[in-house]
Amino acid sequence: MNVKRRIFTRASSIAAIAIAGTILLSSCAANEAAPTTSASSAPVSKLSGTLNGIGSSAQGAAETAWIAGFQQANPQVTVNYDPQGSGAGRTNFISGAADFAGSDAAMKDTELATVSPLCKAGTKAIDLPVYISPIAIAYNVAGLTDLKLDAATIAGIFKGTITKWSDPAIKSQNSGATLPDAAITVVHRSDDSGTTQNFTDYLSANAPTVWDKPAAQTYPYAVGDAAKGTSGVADAVKGAANSIAYIDESGATGLSIAQLKVGSAYVKINAAGAADVVAKSPVATGRGTNDLAIAIDRKNTDKNAWPMVLVSYLIVCNTYADAAKGELVKAYATYVASSEGQSAAATQAGSAPLSADLATKVATAIATIK
């Protein structure tokens, strides 16, 4: 397979995470840890081969940490991950060009119906939630700190009906703040993005009278500037005064982040609140056995909840046509979902570890991979 950009290949020690951190920005978060099922306890010492993954750029920093940890325990295995975006990940997995996909949106029914040639005939792919992260509303406005926004105002900004920072809808929520009488530069994803899917799903649920488009992985309005991937969006906001964007928190380092009105209170972005929303959300109905797509409760208003959250998945075959490939994928997924893997991602990417209950469900599904 022609992998255009390798985030990480063979790692001789966990210290390689620090090197990769110069490329992929990191932060730190804490939440309820998953049950311990580390790679070192799995029968992986004799594993060898190569795994190629493509997908979510939001998941990219976590993949860096996972690959380093997994390869340290399995020095004869090479894992490559190319953060082309969630849509590209699913497309390449379905075509057989990637052994697994990373995606901030679960597979659609139509995608599940098209079986990858890597999967054994008569079987399907499954979605494994492995990465939970809040989506940030990041902005670059000189002198503006502690910006507060409700869902309707965010929807108006990103739809293009609120065009100036001095708009009354913004002023009314930010008494005493310095708001310039300047045009708002909206930055959104140009590629097919699971982050966009989650962001638009939040707005369609919480501001339906303003955001009159359904949730979508392609940005639905002709407004603002488009940038590819998490890093592209971050660079665009940093380079444009008076700009604003939605972005996975892992990519928002160095940018100001707005508070979100949840219920009657404004909440600062926090991974624990995002994880709690996911923990209280059900598994989607109508999916196949072992598929764990989450139906996120976007209207959760619990204290410190952050319902503008994304769940990112490893998408894999439940049964691979090549049993050796299935063994490699199973071992890697086991590490990713383990307490060790989840802790590494939290340190590197600021994500929230899976709750104990969800981690158990994921481990049970992983155990069926062949």
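Averaging 1/r over each pair of different alpha-carbon atoms in the chain and inverting the result gives 20.5 Å, the Kirkwood hydrodynamic radius. Derived from the Cα gyration tensor, the three semi-axes of the equivalent ellipsoid of segment 198-350 are 30, 20, 18 Å, largest first. Computed from Cα positions, the angle between helix 229-238 and the longest principal axis of the chain comes to roughly 30 degrees. For the options 160, 89, 53, a Gaussian network treatment of the chain with springs between C-alpha atoms closer than 10 Å singles out 160 as fluctuating the most. Counting every other Cβ atom within 10 Å of each residue's Cβ, 308, 107 order from fewest to most as 107, 308. Share of antiparallel DSSP beta bridges in segment 141-274, in percent to the nearest 5? Restricted to segment 141-274, the bridges split so that about 35 percent are antiparallel.
For segment 141-274, the pair-distance distribution built from all alpha carbon pairs, in bins 5 Å wide starting at 0, is 2, 11, 20, 26, 24, 15, 4, 0 percent. In the chain, the longest principal axis of the Cα atoms and the axis of helix 323-337 are about 40 degrees apart.
Express in nm, to one decimal, how much length is gained between residue 218 and residue 289 on full extension, taking 0.36 nm for each residue of separation and deducting their alpha carbon distance. Don't jump to the answer; show the numbers that get you there.
Values: separation 71, 0.36 × 71 = 25.56 nm, distance 2.84 nm.
So the chain would gain 22.7 nm between residue 218 and residue 289.
Extension gain, residue 181 to residue 235, is 17.1 nm, computed as 0.36 nm per intervening residue step minus the present C-alpha separation. As a calculated quantity, the FRET efficiency between residue 50 and residue 123 at R0 = 25 Å, using C-beta atoms, amounts to about 0.65.
With axes computed from alpha carbons, what is the tilt in degrees of helix 356-366 against the longest principal axis of the chain, rounded to the nearest 10 within 0 to 90? Between the helix axis and the principal axis of the chain, the angle is about 40 degrees. Here the Gaussian network model covers the chain, with springs between Cα atoms less than 10 Å apart; of 231, 355, 175, 175 fluctuates the most.
When the Gaussian network model of the chain links Cα atoms closer than 10 Å, the mean-square fluctuations of 235, 225, 181 top out at 181.
Spacing of the modelled spin labels on residue 114 and residue 302, each 7 Å from Cα toward Cβ, amounts to 3.8 nm. Distance from the C-alpha centroid of segment 199-237 to that of segment 114-171: 6 Å, rounded to the whole angstrom. Label separation (residue 357 vs residue 145): 3.9 nm, computed from points 7 Å beyond Cα along the C-beta direction.
FYI, it's all coordinate maths here, none of it is from the lab. Keep in mind it's a predicted model, so treat the numbers as computed, not measured. Here Cβ is always computed from backbone atoms with ideal geometry, including for glycine, and neighbour counts include all displayed protein chains.
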